[in-house]
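Asks: Following this message is one structure expressed as structure tokens.
Only the coordinates and a few stated rules stand behind these numbers; no lab work does. In this text, all values refer to a predicted model and were calculated from it rather than measured experimentally. Counting neighbours? That spans all protein chains shown, and the Cβs are built from the backbone with ideal geometry, glycine included.
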Amino acid sequence: MSSLRPFCLTSWLAAPAAAVLLLLTPASQSHAQTQAAQATPAPPQPADPASASPSQTTVAATSPEQRGVAARAVDKVKEVAKSAADIFSRVPCLPPKGSSKAMGSLPHVASKLVAGQPVVIVAFGSSSTAGFGASSPEFNYPNRLAAQLRRHYPTADITVVNAGVGGEDAPEMMKRLQTQVIDVHPDLVIWQVGTNAVLRNLDPADTAKLVEDGISRIQAAGGADIVLVDPQYSPAVNQRKESAGKMVKLLGKIAELRHVGIFPRFEVMRDWHENQSIPVESFVIADGLHMNDWGYACFAQLLGDDIIRSVGQIRIGVNVPADVRTYRPM
């Protein structure tokens with residue numbers, strides 16, 4: 001993973017390689033700065049400052065209304081920057097205790113990084129990929145992941161494309177798999193799937209078959225690395241506990257059989273609540289389903305740590321069997 005030049009999220013992170021702050025607050029910060037610049041006109045510059053009269057050197061008066069726009073823009077920049085920096089200040093983001101730290105393998109991404117070639121990551125999924133529940137675009141999980149990878153691989157050229165569409169699951173995703181995933185020629189596909197199927201009471205086996213078909217198509221098209229992300233642990237999902245359990249198990253089995261990665265989001269989030277004693281409302285919004293800023297941030301952090309670990313194992317020459325690409329996060 002690398003410098004993730006933000007997701008091609010297409011434009012939220014069309015950022016400069018500037019500071020970490022910009023990585024965390026790309027869209028809103030540049031927009032706020034633009035507002036501020038537009039709201040405060042530049043003062044006239046006399047040809048000879050030394051001989052200029054007081055009236056010539058006085059900055060043009062700015063109306064209270066204009067000053068208000070500029071001030072609000074600056075305050076927004078500061079607010080977003082502070083919330084980005086302080087996201088884990090009260091509740092730290094910790095991996096599940098005692099979980100397996102078996103390394104995995106992301107050979108395609110690792111080889112691109114070693115060769116100094118651009119890396120393209122597609123975050124494919126539904127509303128929790130799109131970022132529903134986040135207070136602003138920079139706090140969705142693909143943007144948080146992009147910022148983390150850019151910090152870790154500052155010289156790498158990484159693009160992260162957010163291909164999340166709210167309300168979808170495997171049947172709808174398969175219809176856009178070609179245009180929004182395969183045609184992008186990704187090096188890594190992070191596929192979040194299964195939650196909406198559980199909520200709709202769809203047969204988990206049908207979803208599993210579609211996901212397996214999708215994996216086959218992605219691999220046949222160029223051999224991109226793939227990481228599946230299973231449903232979230234939340235009140236709405238837990239109301240259909242039996243279906244959710246089947247979905248989690250089937251996605252894990254597919255990952256094992258198809259030699260792709262699996263990020264067990266359900267188990268990770270359950271650990272937050274049951275073992276780390278974090279109230280559900282600390283990571284899920286009032287609808288009982290979608291994550292909030294902290295939830296997305298910690299999810300992205302742990303996923304990013306896993307990706308970095310996986311790539312690192314390969315880069316230092318650790319022997320990973322060629323036919324084993326699965327990994328268990330943390």
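Asks: Kindly flag which residue pairs out of K97/K209; K209/K241; K97/K253; K112/K209; K97/K175 have an alpha-carbon separation exceeding 28 Å in this structure.
Replies: Beyond 28 Å: K97/K209; K112/K209; K97/K175.
Asks: Next question. Mind giving me the FRET efficiency for R217 and R151? R0 is 30 Å, r the Cβ-Cβ distance, nearest 0.05 is fine.
Replies: Result of the calculation: an efficiency of 0.35.
Asks: Using per-residue counts of other Cβ atoms within 10 Å, averaged over each peptide, order 153-165, 271-283, 225-237 from highest down. Walk me through the numbers on the way to the answer.
Replies: Details: 153-165: 20.3, 271-283: 15.6, 225-237: 23.9.
Those peptides, ordered most packed to least, come out 225-237, 153-165, 271-283.
Asks: Would you mind checking which residues have amide H under 5 Å from V161's amide H? H placed 1.01 Å from N; only 5 or more apart, or other chain.
Replies: C8, I121, V122, A123
Asks: Can you tell me the convex hull volume per residue for the stretch 93-169, based on C-alpha atoms, in Å³ to the nearest whole number?
Replies: It is 138 Å³ per residue.
Asks: Treating cross-link reach as a plain straight distance, find the aspartates and glutamates whose alpha-carbon is under 12 Å from the alpha-carbon of K249, omitting any fewer than eight places away in the same chain.
Replies: The reachable aspartates and glutamates, counting only those whose Cα sits under 12 Å from K249, are D230, E267.
Asks: For the stretch 107-315, what is one quarter of the convex hull surface built on the Cα atoms, given in nm²?
Replies: For the stretch 107-315, the mean projected area of the Cα convex hull comes to 10.7 nm².
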